[in-house]
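In what follows, a single structure is set out as structure tokens and then discussed.
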Amino acid sequence: MHTRAFPRLSFGAQTLALAAALVSAVALPQLFHFIGAASGLGTSVGAAFLPMHLPIIIAGFVAGPYAGLVSGALAPVLSFALSGMPAASMLPLMIGEISAYGLFAGLLRNTKMPAFAKLLSVQLLGRLVRAAVTVFVVLFVSGTPVTLSGIYSSVLTGLPGILLQWATLPLLLFFVQNKFGKSGE
């Protein structure tokens, strides 16, 4: 008997997963920004813990590459429209990076790899897309040179969020696989 690594969802379930990812990807950052404002740390809490990434990566792993890509592209836009966050200057970077997380998670969801290896791959590919978008925006839009230290700095800033993803996402994916994945096709 063949079991799927992650559940294959119907269109209705994919739509529900997309909606849940969007709501979570907009609400979680607001919670982190509120905590940052209340603690006097400002928006640095959101930049450190990467709360928008979690629901989008989950959406990709659970609902597939299209839902991951769409939710990843829409989440920063909706968040910006509702709250002004992320800043307009960060919006292209966030759209590129987060939609890449959702897309790559969806593409890797049924591969025969441990969940942690899938997550590392998604994180690496997403950060590479962010670096490429950063280079494009900085070179071709602003005309200033790109420094490797600037790209490296964004990874260091988000290190707590990366560690949070390492601690939570494999467990969440294990739960989803065991709850829904055993049913086969």
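The values are calculated or read from the model by the stated rules, or taken from the named source; none is laboratory data. Please read these numbers as outputs of a predicted model, since none were measured by experiment. Here the Cβ is made from the backbone with ideal geometry for all residues, glycine too, and neighbour counts use every protein chain on show. The protein model used for the area step is the full one, side chains on, heavy atoms only, and it has no ligands, DNA or RNA in it. Shrake-Rupley method; radii C 1.70, N 1.55, O 1.52, S 1.80 Å.
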Worksheet item: In the range 28-55, what residues are in contact (Cβ under 8 Å) with a residue 40 or more places away in the chain, outside any helix (DSSP H, G or I) and among the aliphatic types (A, V, I, L, M)?
Response: Leu50, Met52
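If you check Ile58, Ile95, which single one turns out to be crowded, with 23+ Cβ neighbours inside 10 Å, of a type in the set (A, V, I, L, M) and either assigned to a helix (DSSP H, G or I) or in contact with a Leu (Cβ under 7 Å, 6 or more places away or on another chain) (or both)?
Ile58
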Worksheet entry | Options Gln165, Gln123; residue that is touching a residue at least 60 places away in the same chain (Cβ under 8 Å) and crowded, with 16+ Cβ neighbours inside 10 Å | Gln165
Worksheet item: When both residues are 6+ apart or on different chains and their Cβ atoms are under 8 Å apart, which pairs have a first residue that lies in the range 172-185 and is under 11 Å from Val62 (Cβ atoms), and a second that is modelled with pLDDT of 75 or more and of a type in the set (Val, Ile, Thr)?
Response: Leu172/Ile58; Leu173/Ile58; Val176/Ile58; Val176/Val62
Item to complete: Report the residue count in the range 131-160 for those that are at pLDDT below 85, surrounded by 13 or more Cβ atoms within 10 Å (Cβ to Cβ) and over 19 Å from Ile95 (Cα atoms).
Response: 1
Worksheet item: List, please: which pairs have Cβ atoms under 7 Å, are six or more places apart or on different chains, and start with a residue in the range 62-87 that is within 13 Å of His33 (Cβ to Cβ) and end with one that is open to solvent by 50 Å² or more (accessible area, probe 1.4 Å) and modelled with pLDDT of 90 or more?
Response: Pro86/Phe80
Discussion item. Condition first: among the β-branched types (Val, Ile, Thr) and either modelled with pLDDT under 80 or within 20 Å of Ala81 (Cα to Cα) (or both). Now tell me which residues in the range 14-42 satisfy that.
Written reply: Thr15, Val23, Val26
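Within the range 98-116, which residues are assigned to a helix (DSSP H, G or I), of a type outside the set (Phe, Trp, Tyr) and surrounded by fewer than 23 Cβ atoms within 10 Å (Cβ to Cβ)?
Leu107, Leu108, Ala115
Of these, Leu163, Leu128, Leu119, Leu124, which one is touching a helix residue (DSSP H, G or I) at 6+ places or on another chain (Cβ under 6 Å), assigned to a helix (DSSP H, G or I) and at pLDDT 90 or above?
Working: Leu163 fails: touching a helix residue (DSSP H, G or I) at 6+ places or on another chain (Cβ under 6 Å); Leu128 fails: touching a helix residue (DSSP H, G or I) at 6+ places or on another chain (Cβ under 6 Å); Leu124 fails: touching a helix residue (DSSP H, G or I) at 6+ places or on another chain (Cβ under 6 Å).
Every option except Leu119 fails the conditions.
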Worksheet entry | Candidates Ala105, Ala115, filtered to the one that is within 17 Å of Leu164 (Cβ to Cβ) and touching a Phe, Trp or Tyr at 6+ places or on another chain (Cβ under 6 Å) | Ala105
Practice prompt. Sort out which residues of the range 82-92 are of a type outside the set (Ser, Thr, Tyr) and either in a helix (DSSP H, G or I) or crowded, with 16+ Cβ neighbours inside 10 Å (or both), and write them in order of number.
Written response: Leu82, Met85, Pro86, Ala88, Met90, Leu91, Pro92
